[in-house]
Amino acid sequence: MNVFAHVEGLIKTALESLQADGELPAEIDLASIEAEAPRDKGHGDLATNAALVLAKKAKMKPRDIAEKLKDRIEANAEIEKADVAGPGFLNLTFRPEFWQAIVLSIIDAADAYGRADLGGGAKMNVEYVSANPTGPMHVGHCRGAVFGDALARLLEFAGYDVTREYYINDAGGQIDVLARSAFLRYRQALGENICEIPEGLYPGDYLKPVGAALAKQYGEALTEMDEAQWMPVVRVKAIEMMMAMIREDLAALNINHNVFFSEASLQADGRERIGEAIESLKEKGLIYQGVLPKPKGHDDGEWEEREQTLFRSTEFGDDVDRAIAKSDGSYTYFAGDIGYHYDKLQRGFTHLINVFGADHIGYIKRMKSAVTALSDGKADFDIKVCQLVKLFRAGQPVRMSKRAGTFVTLRDVVDEVGRDPVRFMMLYRKNDASLDFDFAKVTEQSKDNPVFYVQYAHARSCSVFRNALEAFDGLDTSADALRAADLSKLTDEGELELIKLLAAFPRLVEGAARAHEPHRLAFYLYEVASALHAQWARGNDSPQLRFIAQGDVGLTVARLAMIAATRQVISSGLDLLGVEAPDTMR
């Protein structure tokens, strides 16, 4: 059960009865009525600003509406009391039985608890990572990969039909550089002394296997060709092997894309997606020949005015119009992206999310302008930026440089600390805030390490069941037995507060999915884990609060039901983050 949706239903029913009795205007729309948890727990369990929202339309004072609503809603058997506060807020406190019933609803729903129909099955394209296939993935790519995957999981849980997509930038100048770098390693594999890698080429050892593979397949044949002949052969082999390595790196994080879309395919095998997209914009009067103003800070001596083919992106909020073709007629990088997003729209996607790295912030306005123009404003397009990750080892910064071949790879990090700490910690901070990742801190077993603390809460829940079976010989802990538990025994304040947290899970999922913010789940799970561990600690100080009540099977089973509900929420939440929910921890 979604408690918030349920309470909003109660509020609307009460308001409709006021309308039916003529105490509120019948024509007022009640669709915007909401219930939220008050910041101060002393103000009740849930609160609504319904009176404030309706006052202007009803031409009534907010407190007058709140008082009328209070009288109606207090008649509900689930409500213990209702209080009018401030200018017209209505604070609601529910009877313990209301919260106790939440435990049963979670056990009944099992893995489906918290699932939403927010998306209604709509197609959603989430494009993330999309790193150039010029080398292994580094830790900066790691954050975008984890964020994109968790977001895709969250959106699926919220009812969207999600396609996970990776855009392979395999048509730019960097691919020629890759091919030349691989050709050098090919010559090395044939026994040639290549000396120092020339500046401008990729120096990393990760290209040695590509050279070896080329040598095995072609022998010395490529050395007898000029560059125009060997370049396409080496390019294909290098991209193939780089993408295989990237897929393996992503698999180490349990990340798998549905689609790997090649930029080169936009203009291959008779396709001309870029031209089609530009023609579509041209038909809308958004393409013209013109001269761009000199960029700010550009040296006048180096600036040359030249006519280019431009897209009127300023009509959609961009700072300046953007070039899509150079003076020589060749397409710009931006034109390729226009063609790619046009292809997404042609595939039927109207809900689009791109995950960018911090170095692409300046690209956001032009991409949003392009998608708005191509879709006539019908596409829902969001761009999420993942800020930089700073690596530390015992407090000392770890340096990395991709072009120097000495960077710290994604695989290095996963192999050292494990998949779960990497995934959880990459999500334990909002995506647009920079992140400090310390190898030592993410593996320590303490409350200060969020992933350990949350996973330990799940393992502790499992251990409670094992201990209960030892304490009560033949104890039935099946789902049916837990459903039959006398939940009225769950009256302790700490128990009820834990259940209230569990009740917030469905609304948390909806909110995180709407905002495209999976980090909210990580924060929430830490809060649930803290409540569970705190209740465990209270039992150490007060034996009557222990999860396993000595000599009292009924109370023990009731608490086991609460623990099962907690375990379910933690397990579901960790799964959305792509993190394991262990039964035991050492």
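The values are calculated or read from the model by the stated rules, or taken from the named source; none is laboratory data. Quantities reported herein were computed from a predicted structural model and do not represent experimental measurements. Cβ placement follows ideal geometry from the backbone for every residue including glycine, while neighbour counts extend to all protein chains displayed.
Tabulated data for the structure shown
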| quantity | calculated |
| --- | --- |
| Criterion: surrounded by fewer than 22 Cβ atoms within 10 Å (Cβ to Cβ), at pLDDT 95 or above and touching a strand residue (DSSP E or B) at 6+ places or on another chain (Cβ under 9 Å) - qualifying residue of 153, 180, 187, 235 | 153 |
| Within the stretch 31-130, helices (runs of 4 or more DSSP H) holding 2 or more residues that are farther than 27 Å from residue 564 by Cβ and acidic (Asp, Glu) | 62-73 |
| Tally of residues being of a type in the set (A, V, I, L, M, F, W, C) and not in a helix (DSSP H, G or I) across the stretch 551-586 | 3 |
| Residues being in contact (Cβ under 8 Å) with a residue 40 or more places away in the chain and crowded, with 19+ Cβ neighbours inside 10 Å - total across the stretch 357-378 | 6 |
| Residue satisfying condition, being outside any strand (DSSP E or B) and either under 22 Å from the mean Cα position of the chain (by Cα) or surrounded by fewer than 22 Cβ atoms within 10 Å (Cβ to Cβ) (or both), within set 352, 345, 391 | 345 |
| From the options 228, 244, 221, 189, residue that is aliphatic (A, V, I, L, M) and either in contact with a His (Cβ under 8 Å, 6 or more places away or on another chain) or under 26 Å from residue 259 (Cβ atoms) (or both) | 244 |
| Of the criteria (1) surrounded by fewer than 19 Cβ atoms within 10 Å (Cβ to Cβ); (2) farther than 29 Å from residue 322 by Cβ; (3) in contact (Cβ under 8 Å) with a residue 40 or more places away in the chain, which one residue 414 fails | (1) |
| From the options 139, 146, 129, residue that is touching a residue at least 60 places away in the same chain (Cβ under 8 Å) and at positive phi | 129 |
| Flag for residue 288 being of a type in the set (Phe, Trp, Tyr), more than 32 Å from the chain's Cα centre (by Cα) and surrounded by 20 or more Cβ atoms within 10 Å (Cβ to Cβ) | no |
| Enumeration of residues in the stretch 231-261 that are of a type in the set (A, V, I, L, M, F, W, C) and more than 18 Å from residue 414 (Cα to Cα) | 231, 233, 234, 236, 238, 239, 241, 242, 243, 259, 260, 261 |
| Residues (more than 15 Å from residue 520 (Cβ to Cβ), buried (at least 23 other Cβ atoms within 10 Å of the Cβ) and among the hydroxyl-bearing types (Ser, Thr, Tyr)) located in the stretch 557-586 | 566 |
| Residue list for the stretch 508-540, filter: under 25 Å from residue 469 (Cβ atoms) and without any contact (Cβ under 8 Å) to a residue 40 or more places away in the chain | 531, 537, 539, 540 |
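To keep it simple, each residue is scored yes or no on (1) over 21 Å from residue 382 (Cα atoms); (2) out of contact with any Gly (no Cβ under 9 Å at 6 or more places or on another chain); (3) of a type in the set (A, V, I, L, M, F, W, C).
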{"position": "292", "(1), (2), (3)": "yes, yes, yes"}
{"position": "310", "(1), (2), (3)": "yes, no, yes"}
{"position": "319", "(1), (2), (3)": "no, yes, no"}
{"position": "322", "(1), (2), (3)": "no, yes, no"}
{"position": "331", "(1), (2), (3)": "yes, no, no"}
{"position": "336", "(1), (2), (3)": "no, no, no"}
{"position": "343", "(1), (2), (3)": "no, yes, no"}
